Amino acid sequence: MTAVDGEQTVMRHRPHGVGHPYAVSPDQRVPVLPEAGQRVRLGVAAATEVTSVTCEWVTVTSGDAADGGTAGGEARTLTMRPARPDAGDAAALAGGEGHLAQAQAAATASDGGWEVTTEPVRDGARYRYRFHATLGGGTGEDVGTEWFEFSTARWVPDAGTLSIASDRLVDGSLEWLVVAGRAHRARFALRLEPDEHVVGFGERFDAVDQRGRRLDAVVFEQYKSQGRHARTYLPMPFAHVVSESGPSWGFHVRTSRRTWYDVGASTPDRLVVEVALGGTDDETVDVAIYDGTPGDVLAAFTAQVGRAEELPTWVFRLWASGNEWNTQRIVMDRMRRHRELDIPVGAVVIEAWSDEQTFATFRDARYEVHRDGAPHAAEDFDYPADGAWPDPKGMIDELHDRGIKVILWQIPLLKTRYELGADVSDDAQVIRDGAELVRDGHAVREADGGAYHNRGWWFPQSLMPDLSVQRTRDQWTQKRRYLVRDLDVDGFKTDGGEHAWGHDLRYGDGRRGDEGNNLYPVHYARAYGDLLRSEGKAPVTFSRAGFTGSQAHGAIWAGDEDSTWEGFRSSIIAGITASACGIVYWGWDLAGFSGDVPDPELYLRAAAASCFMPIMQYHSEFHHHEPPLRDRTPWNVAERTGDQRVVPVFRRFAHLRERLVDYLAEQARVSVRESRPLMRGLFFDHPGDPSVWRYPLQFKLGDALLVAPVAEPGVDDAVVYLPEGRWVDVWTGTHHAGPGEVTLPAPLDQPPVVCRADRWPQLRAAFADQRGTSE
């Protein structure tokens with residue numbers, strides 16, 4: 001097989017494999033830390049000329065066999081077989097339709113793996129092993145690997161320190177997974193009362209209340225169907241425990257390493273927490289416990305990890321985007337259609353603007369290559385009149401004159417010859433920038449000191465800047481400074497952030513991969529926010545990946561999703577759970593971004609819900625410009641489906657959104673100041689009401705508005721739960737008293753929304769001219 005550096009590798013074994021958190025690599029040992037009684041799967045990846053592989057397996061019973069031999073040990077030869085593809089591993093990368101799905105499919109292709117499963121390992125034993133391959137072609141040549149070694153792991157009651165101030169800790173539940181006297185994991189249990197609900201763990205797509213479920217917290221790019229797989233771009237080791245009858249509380253495992261949770265799934269009255277550790281002989285697990293209401297808990301948590309910064313009011317207007325808007329002509333045409341159809345838009349997100357190599361230069365731009373990797377200035381570029389972007393500055397100025405802000409897409413990667421091909425000149429800017437990144441110590445590194453190359457399926461083998469340190473954040477963003485200073489760009493879509501795979505990567509801040517990988521998207525958004533601030537702009541970043549600390553950096557969107565009702569429902573859950581963890585500015589690709597255009601009902605129901613979420617935006621996936629277009633513009637959905645309701649109904653939502661901007665800005669200010677979610681599940685304000693848990697998709701937008709999204713097809717009216725208080729139907733002005741259920745009409749242009757009665761006088765005007773158009 002071909003290694004990253006271009007040399008031929010006959011055979012490869014890595015105990016941790018590629019570092020994928022949910023799938024087994026062909027060259028991996030599973031489990032990495034075997035416990036007594038477990039069988040061990042040993043895998044190697046081998047070149048196509050390999051005809052057979054054996055494993056030399058030694059159980060060390062005496063001596064240390066320091067020379068790599070078998071002295072004092074029991075040796076066996078294990079015959080390996082060609083590896084069988086694992087359906088579960090394929091599912092970990094499954095994506096369905098879309099150009100990104102094609103990349104995922106390629107990532108699941110077998111590369112000549114061989115495997116063997118051992119007998120159960122013994123308690124207290126140490127094992128050594130290596131592999132031998134026979135090459136074909138009549139040579140019979142034997143090639144071997146170096147020796148690998150592990151000792152059997154065991155759970156013991158005392159091997160580290162648990163710092164937790166709570167009587168919730170279950171006596172005798174604390175255990176440590178120890179290998180050769182060093183702790184690699186800890187686990188303990190917290191007591192759950194029968195009427196307690198558990199909400200949090202970052203942005204979750206499968207359920208608001210995680211009680212009865214198992215999950216983990218590791219940053220991962222799950223392309224679509226996040227709810228089905230229970231994976232997330234934005235995990236956090238934090239959760240609320242909301243009681244119906246007593247005081248609520250919450251906890252934060254103060255770690256950036258991976259954690260796992262059994263939230264009453266195995267034992268109903270126990271929340272079992274498992275924490276990855278550093279493998280030293282002096283490990284500590286630090287758990288913060290917060291008491292009080294959900295508001296008290298969130299305020300205490302964000303006071304420690306960071307709170308949102310107030311963003312300008314334009315972020316609350318409609319955002320428009322499409323991955324195929326890859327020329328100036330297309331962008332301006334889409335904005336012209338918005339104006340002609342009287343659909344106000346506040347921001348355009350331009351994704352496919354760059355050269356797709358450096359991600360810092362407009363495609364087709366002509367410029368002199370800086371061989372030393374030094375940044376360019378605006379005057380260094382010339383744009384051909386017949387190119388994709390003949391006048392970026394003129395385009396941005398014109399959009400600004402129309403009241404439209406401009407956000408450019410980014411990725412924290414730099415392509416290499418693996419993707420670029422051998423024909424790329426040594427003097428290409430991307431090659432020179434890559435050489436600078438490695439030469440000057442700005443790249444994330446492997447354990448051996450070499451530059452890390454992205455192991456994921458998207459932008460494979462790309463270099464990754466080490467944004468954990470200021471010097472690299474400055475170096476990376478300096479190449480993009482002209483976009484803000486000279487072209488007047490207003491923000492960045494900080495896509496990606498999930499590309500750091502490997503427990504033993506090395507970061508400039510001193511962390512290894514196991515504790516630094518989850519923090520990468522936090523550093524990434526921070527870097528671009530700092531760039532914008534330094535040029536007098538608000539730190540508007542739009543990220544999908546994050547971790548503890550992301551609260552303080554820009555806005556979040558829910559990542560990639562299909563245009564399905566299931567995707568709609570899981571995205572609402574994502575917004576409620578992310579907000580419960582302190583994310584103030586959150587949105588999603590309304591009605592999904594992947595696949596054919598959504599049907600009119602789904603599209604308009606999603607637009608209705610998004611009108612009442614912190615960020616309202618639409619987006620569509622790249623589809624090679626194959627007709628018919630898959631743009632999620634309201635007019636394209638109308639033309640594709642033949643439904644003439646789409647444009648006028650969407651227009652009304654866009655205008656309503658404009659009228660809600662002042663309310664949203666006011667409530668965001670409250671959220672930032674008091675650390676109360678802008679979008680929040682009913683449990684947050686009404687923790688003692690047991691009925692709210694039967695309506696997990698309902699949420700409040702600020703203090704005044706309660707929204708009941710219609711997330712199923714064929715609905716004419718909806719049962720809405722009203723908590724205690726007096727409420728007003730915003731469409732009819734009808735008053736209702738809670739607590740209790742009411743049935744409200746739910747036409748396409750009037751989703752069930754009620755307003756707190758004491759706030760209705762201030763908000764009545766926003767809804768005054770919303771007359772029905774769905775009949």
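For the residues 720, 692, 670, 728, the requirement of being in a helix (DSSP H, G or I) and crowded, with 21+ Cβ neighbours inside 10 Å singles out 692. Residues in the stretch 312-320 include none that are over 19 Å from residue 555 (Cα atoms), buried (at least 17 other Cβ atoms within 10 Å of the Cβ) and touching a residue at least 60 places away in the same chain (Cβ under 8 Å). Hey, does the stretch 543-554 have a residue that's over 15 Å from the mean Cα position of the chain (by Cα) and within 25 Å of residue 474 (Cα to Cα)? Yes, the stretch 543-554 contains a residue that is over 15 Å from the mean Cα position of the chain (by Cα) and within 25 Å of residue 474 (Cα to Cα).
For the stretch 398-409, the candidate set comprises residues that are touching a strand residue (DSSP E or B) at 6+ places or on another chain (Cβ under 8 Å) and more than 17 Å from residue 360 (Cα to Cα); within that set, the residue that is surrounded by the fewest Cβ atoms within 10 Å (Cβ to Cβ) is 400.
Scanning the stretch 134-150 for residues that are modelled with pLDDT of 95 or more, under 21 Å from residue 52 (Cβ atoms) and not in a loop (DSSP other than H, G, I, E, B) returns a single hit, 148.
When restricted to residues that are in a strand (DSSP E or B) and under 21 Å from residue 170 (Cα atoms), the stretch 278-314 contains 9. Kindly indicate whether any position in the stretch 700-709 is in contact with a His (Cβ under 7 Å, 6 or more places away or on another chain) and in a loop (DSSP other than H, G, I, E, B). No - not one qualifying residue is present in the stretch 700-709. Comparison of 412, 465, 460 shows that the only residue that is more than 21 Å from residue 525 (Cα to Cα), in contact (Cβ under 8 Å) with a residue 24 or more places away in the chain and buried (at least 18 other Cβ atoms within 10 Å of the Cβ) is 460. Can we say residue 274 is in a strand (DSSP E or B), within 23 Å of the chain's Cα centre (by Cα) and over 22 Å from residue 245 (Cβ atoms)? Yes: the conditions hold for residue 274. Kindly provide the set of residues from the stretch 381-425 that are hydroxyl-bearing (Ser, Thr, Tyr) and more than 30 Å from residue 336 (Cα to Cα), ordered by number. Of everything in the stretch 381-425, those that are hydroxyl-bearing (Ser, Thr, Tyr) and more than 30 Å from residue 336 (Cα to Cα) turn out to be 416, 418, 425. Restrict the check to the stretch 540-552 and report whether at least one residue is in a helix (DSSP H, G or I), among the aliphatic types (A, V, I, L, M) and free of Cβ contacts under 8 Å to residues at least 60 places away in the same chain. Within the stretch 540-552, none of the residues are in a helix (DSSP H, G or I), among the aliphatic types (A, V, I, L, M) and free of Cβ contacts under 8 Å to residues at least 60 places away in the same chain. Within the stretch 150-169, residues that are surrounded by fewer than 14 Cβ atoms within 10 Å (Cβ to Cβ) have Cβ atoms under 8 Å from residues that are modelled with pLDDT of 95 or more and outside any strand (DSSP E or B) in these pairs: 157/172; 157/174, counting only partners at least 6 apart in sequence or on another chain.
Given the criteria part of a helix (DSSP H, G or I) and either on the phi < 0 side of the Ramachandran plot or in contact (Cβ under 8 Å) with a residue 40 or more places away in the chain (or both), does residue 647 qualify? Criteria met by residue 647.
Go through the stretch 415-457 residue by residue and tally those that are surrounded by fewer than 19 Cβ atoms within 10 Å (Cβ to Cβ), assigned to a loop (DSSP other than H, G, I, E, B) and touching a strand residue (DSSP E or B) at 6+ places or on another chain (Cβ under 6 Å). Looking only at that region, the number is 0.
Here are some conditions: (1) in contact with a Lys or Arg (Cβ under 6 Å, 6 or more places away or on another chain); (2) under 17 Å from residue 428 (Cβ atoms). Residue 382 meets all but one. Which one does it not meet? It is condition (2) that residue 382 fails. Take the conditions at pLDDT below 95 and either part of a strand (DSSP E or B) or closer than 28 Å to residue 286 by Cβ (or both) and apply them to residue 166. Does it pass? Spelling it out, residue 166 is indeed at pLDDT below 95 and either part of a strand (DSSP E or B) or closer than 28 Å to residue 286 by Cβ (or both).
When residues in the stretch 503-518 are screened for being more than 12 Å from the chain's Cα centre (by Cα) and part of a helix (DSSP H, G or I), 5 of them pass.
The values are calculated or read from the model by the stated rules, or taken from the named source; none is laboratory data. Owing to the predicted nature of the structure, the values given are computational and were not obtained by experimental measurement. Backbone-built Cβ (ideal geometry, glycine too); neighbour counts: all protein chains shown.
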